[in-house]
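A short worksheet on the structure shown next.
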Amino acid sequence: MTGFGRRLVLVLLALTATAPARAEVTVESLLREMTDYAAVARWPEPAYTCRQASSYDRATVAPDKPGWFANSDQNQFVRVETHQGRTEKVMLDADGPGALVRFWLTTDRNKQGRLRIYLDGAAEPALSYPAYDLLSGDLGVGAPLVQPHPGYQPDANGGNTSYLPIPYARHCKVTWEEAGQSARYYQINYRTYAPGTVVRTFTRADLDAARPAVARAGRALAMPPDQPAGRAVSQTTALAAGGTQSLDLPAGPAAVSRLELRAPADERALRSLILRMDCDGERTIWCPVSDFFGSGVGLNAVASWYRTVGADGTMVCRWVMPYERTARLSLLNLAPAPISASLGVTVSPWEWDARSMHFRAVWHYESGLKTPPERDWNYVTIAGQGVYVGDTLALFNPLPTWYGEGDEKIWVDDDTFPSHLGTGTEDYYSFSYAPKPVHQTPFTGEPRLDQPMTQGHNTLIRSRNLDGIPFARRLKFDIELIAWRPMALTYAATTYWYARPGATCNVEPQPAEAALPVPTLADAVAASKPRPRPGAVDCETMTVLGRSGDFFLGEQDMAPFGAERWGAGAHLLAKTTAVGDWFEVQWPAAGAEARRLVLHATQAPDYAMLRFAVNGQRVEPLFDGYADGVQPAPPFELGVFAPHDGKFTLRVEVAGANAASKGARYYLGLDDIVAEAR
């Protein structure tokens, strides 16, 4: 061997000896990552993808296929297997190396059964829970790493969410066994690491060895450390209407490790006061301050790992925000009145490298979101490389009924089907069987709920920690709009993500929307009350003169379908059963002159074609009662008629059914009749 060859071998041996060993992923390392604010601000190392297994309705296959909004999101499993004579339903079957990082479960009051987690192909489960309940095992891991859903009781509807990381080297399978079948819902978020990543498979012995780390993580999550080391920079200012004030931060590389804001507890002021951040020449944050800090509309208490809003009005963000060269924070007052605000920042040292990312937050607002029809509403679509780390949904619901049947659909990079498809809006935000009262956990919560049945303002928050979603090129986040009753919602979604410089998204600043007056619960209550039409006679109050059979004929409360859309919040329902069924009703006329009679009726999937006659005179054409949902029909002109003996008589006869009608097919509903001057 030549002298050069010997020297080359010595150099290679020296490099090998001094190269750091590849870090092993363990329960303890994942708990350290969970409670390290700076960890998520760098591209993951070791690299991983994050996906979700869930009980979503399997009729959902593609946007252009029937079933895209299918909503039977329970009892859906990968397959059924037999183990030692047991029938087990597979929830998750994933190759490793990987880790379970969030496990959400809920069910009806029947929690009998057994949940099992098999790791690395073992015949026996590493974990086995004696019920559909992550709190019922004997691991000795409680809150905040395992959280009961608000209002949880062992013998009532509800469930819980576990953030205890469960790593595995080669494979993970989760199964469910029960004798009968009840409503079972689940979401499992899991990481899959790049091939070659060294992962130590979870064992009970490892968990016992990690008890000190579990306790430290639990204490930190319950009481987040709030004073990081660094240089404090602050500014107090009075912003005129339309004014802007900026604060230049110390030259980088550096990182904002704590951001604090104080402002008046006025709903419109907090929605119209905008936080903007620019890092290294790119706008990285544009958001109303109350939305940014997770409060939604107004000042509402928030107690989470990354954000806190106190009763004294102090709003704190602990997401680390690195920059390489320059950073500027700005406050913009879009309100019509002056606002006083104080901004406090802790700037800490940061080593900028190829894995460093900017923190980003954008606000997407839209009002008048009508459902039905069911639709996907976009939170954000991002182009670039980064990690999605959470969102705040601040919405206004005009009606006292549940708005959130819709599932999240998250597309990552080259997905041809969402790699995250959920089971309901409340499930994404880690509670269940909505509505539920105001509540807080380290990573999710509901800081505002105006009314128990969700009328008015609602705020939902989720921050993703170990379940952050890396994307190499693209991420698209949609949520379905599906409510229990027809309504027109207002949604404002603030999304938080880290990205390498140059990333872009489809959400631009919305200053006009941020400057709008804030609707109130009183507005919603007033708008949801039925408004009788002037001069209308409600059909359910008319005198029944006769009918062809003994079918039901009476008043139906339309509250389940939006009572405010019917004149008095009700209509006259007839459950007729065949073509030719008829009935007659009569009401007094206001005067002797002839009037134009306009009928307001109801359409529904099982409503019939109708023939009318007024005072014995047939009306043309037929009325078609079919629609694919329950809704008020367009006004139907019966014609001009003079009263007989001071009264009008209406005959209603079933003439047939629309070819598309379903179910009973011959039902009908009549709201009211208005007599107009000719």
Next item on the list: Just tell me which lysines come within less than 22 Å, Cα to Cα, of Lys436; anything on the same chain fewer than 8 places away is out.
Entry: Lys111
Notebook entry, point to check: Reachable aspartates and glutamates from Lys662, Cα under 14 Å, same-chain residues fewer than 8 places away excluded?
Noted result: Asp606, Asp624, Asp628
Notebook entry, point to check: What does the charge count near Arg318 come to, summing +1 for each Lys or Arg and -1 for each Asp or Glu among other residues with Cβ under 14 Å from its Cβ?
Noted result: -1
Next item on the list: Choose one of Met542, Val585, His571: the residue whose Cα lies farthest towards the positive end of the charge dipole of the stretch 536-677 (beta-carbon charges +1 Lys, Arg; -1 Asp, Glu; about the Cα centre).
Entry: Val585
Check: So who's got an amide H within less than 5 Å of the one on Gly406, skipping anything under 5 residues away but keeping other chains? H placed 1.01 Å off N, in plane.
Finding: Thr425, Ile482
Checklist line | Estimated distance in nm for a label pair at Asp550 and Arg58, the labels positioned 7 Å out from Cα along Cα-to-Cβ | finding: 4.6 nm
Margin query: Between Asn658 and Asp95, what's the calculated FRET efficiency when r is the beta-carbon distance and R0 is 45 Å? Round to 0.05.
Written below: 0.35
Check: Which order results if Asp353, Asp467, Asp108 are arranged by neighbouring Cβ count within 10 Å, fewest first?
Finding: Asp353, Asp108, Asp467
Note to self: Report the Cα centroid-to-centroid distance between the stretch 575-627 and the stretch 202-234 in angstrom, as an integer.
What the structure shows: 70 Å
Notebook entry, point to check: Suppose every K and R has +1 on its Cβ and every D and E has -1 on its Cβ; what is the size of the dipole of the stretch 27-222 about the Cα centre, in Debye to the nearest 20?
Noted result: 160 debye
Notebook entry, point to check: For the chain, what is the per residue volume of the convex hull drawn over the alpha-carbon atoms, in cubic angstrom?
Noted result: 202 Å³
Item checked: Within the chain, helix-based [θ] at 222 nm, where runs of 4 or more DSSP H residues each add -39,500 (n - 2.57), nearest 500 -> -2500 deg cm²/dmol
Item checked: Taking the stretch 414-560 and dividing mean pair separation by its residue count, relative contact order in percent (alpha carbons under 8 Å, at least six apart) -> 15 percent
Next item on the list: Using label points projected 7 Å from each Cα along Cα→Cβ, tell me how many nm separate Met223 and Asp138, to one decimal.
Entry: 3.2 nm
Margin query: Using the Karplus curve 6.51 cos²θ - 1.76 cosθ + 1.60 with θ = phi - 60°, what ³J(HN,Hα) values do you get for each residue of the stretch 391-401, in whole Hz, with x for Gly and Pro?
Written below: 6, 10, 10, 10, 10, 10, 10, x, 10, x, 7
Check: Once fully extended, how much extra length lies between Arg216 and Arg32, figured as 0.36 nm per residue of separation less the alpha-carbon to alpha-carbon distance?
Finding: 65.3 nm
Notebook entry, point to check: Using the C-alpha gyration tensor of the stretch 536-677, what are the square roots of 5 times its eigenvalues, in whole angstrom, with the largest one first?
Noted result: 23, 17, 14
Next item on the list: Please tell me the relative contact order of the stretch 27-222 in percent, rounded to the nearest whole number, where contacts are Cα pairs under 8 Å and at least six residues apart.
Entry: 32 percent
Notebook entry, point to check: Hey, how many Å between the Cα centroid of the stretch 77-118 and the Cα centroid of the stretch 646-678?
Noted result: 52 Å
Notebook entry, point to check: What helices does the chain have that are whole DSSP H segments, at least 18 Å long along their own axis by Cα, and with mean Kyte-Doolittle hydropathy of -0.5 or more?
Noted result: 3-18
Check: Among the lysines, which have Cα under 17 Å from the Cα of Lys476 when same-chain residues fewer than 8 positions away are ignored?
Finding: Lys409
Check: When a footprinting reagent is the concern and you count Cβ atoms within 10 Å, what order do His420, His83 take, fewest first?
Finding: His83, His420
Notebook entry, point to check: How big is the C-alpha Rg of the stretch 27-222 next to the rule-of-thumb value 2.2 N^0.38 Å, as a ratio?
Noted result: 1.05
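Quick note: the coordinates plus some simple rules give every number you see, no bench work behind them. All figures in this text were calculated on a predicted structure; none of them were measured in a lab. Methodologically, a virtual Cβ is constructed for each residue, glycine included, from the backbone with ideal geometry; neighbour enumeration extends over all protein chains shown.
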